[in-house]
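The values are calculated or read from the model by the stated rules, or taken from the named source; none is laboratory data. Keep in mind that this is a model prediction, so the values were computed, not measured. Note that each Cβ is placed from the backbone with ideal geometry, even for glycine, and that neighbours are counted across all protein chains shown.
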Ligand SMILES: N[C@@H](CCC(=O)N[C@@H](CS)C(=O)NCC(=O)O)C(=O)O
């Protein structure tokens, strides 16, 4: 299998964590710039967005949560839906709302400029981020051990992405319970290695708190491939070098 991604996309990170937590180790990753009309991505996804997963039998799977859905059906164990599937999906939905609002804010800035954040639509997106995080903080997903469920995955991906893109934003709510959850998941390689990195980092929020941004992971770059099904030979596709593109959400 081959996963087309970039190193900052929260959607790609969800797909990547899900693949890893499912024990898929035959996935070759290829970094593409979704904003550069890369022919590899256009071929894989008519919407030219990451992630896109190319299966060994030539199917092109797109949309992070559909990739997770496909994984659940192909490889039900371990399940990423947790003991209470409905609650997991409800929490994941809130987290996806945060992710969508954050990504749309970045896109809004591309269409206009940084003033987008204070526009009526920009403020709606900010409200979605804040309210989503508050709701998750009020009732955080539980985590005991082993592979986390999709609610945990999406929540922590949302939190890391918001902090990555809106470092020191004064409007960011305090989320101590989510921070505790993040600390518990930090030792899991699938999370730590897949932190958002690179891309064009926006200038710190104009009303910055003055606290330093999160330190970079000391563990170095993610591996470029991992096996999924030990019975299958590794893919021959060679991973591409890191994109130098900057215009990415
Ligand atoms: N709903 C999609 C969203 C994917 C998405 O928007 N990816 C962004 C990167 S964060 C992208 O490729 N954007 C390029 C574009 O919108 O043209 C998913 O869940 O996979």
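Numbers below:
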read-out	value
Test: residue in the range 19-34 that is away from the ligand (no atom under 11 Å from the Cβ), under 14 Å from the mean Cα position of the chain (by Cα) and surrounded by 24 or more Cβ atoms within 10 Å (Cβ to Cβ)	yes
Residue 82, sole failed condition from (1) more than 14 Å from residue 149 (Cβ to Cβ); (2) surrounded by 14 or more Cβ atoms within 10 Å (Cβ to Cβ)	(1)
Candidates 80, 65 - the one that is in a loop (DSSP other than H, G, I, E, B) and either at positive phi or within 16 Å of the ligand (Cβ to nearest atom) (or both)	80
Evaluation of residue 107 against (1) within 9 Å of the ligand (Cβ to nearest atom); (2) not assigned by TED's automatic domain parsing to the domain that holds residue 150 (one fails), failing number	(2)
Residue match in the range 36-51 (condition: modelled with pLDDT under 95 and either under 14 Å from the mean Cα position of the chain (by Cα) or within 12 Å of the ligand (Cβ to nearest atom) (or both))	yes
Pairs, first in the same structural domain as residue 26 (by TED's automatic domain parsing) and more than 15 Å from residue 24 (Cα to Cα) in the range 47-63, second within 16 Å of the ligand (Cβ to nearest atom) and at pLDDT below 95, C-beta under 8 Å, six or more apart	48/37
Residue 34, sole failed condition from (1) more than 17 Å from residue 9 (Cβ to Cβ); (2) in contact (Cβ under 8 Å) with a residue 60 or more places away in the chain; (3) in contact with a helix residue (DSSP H, G or I) (Cβ under 9 Å, 6 or more places away or on another chain)	(1)
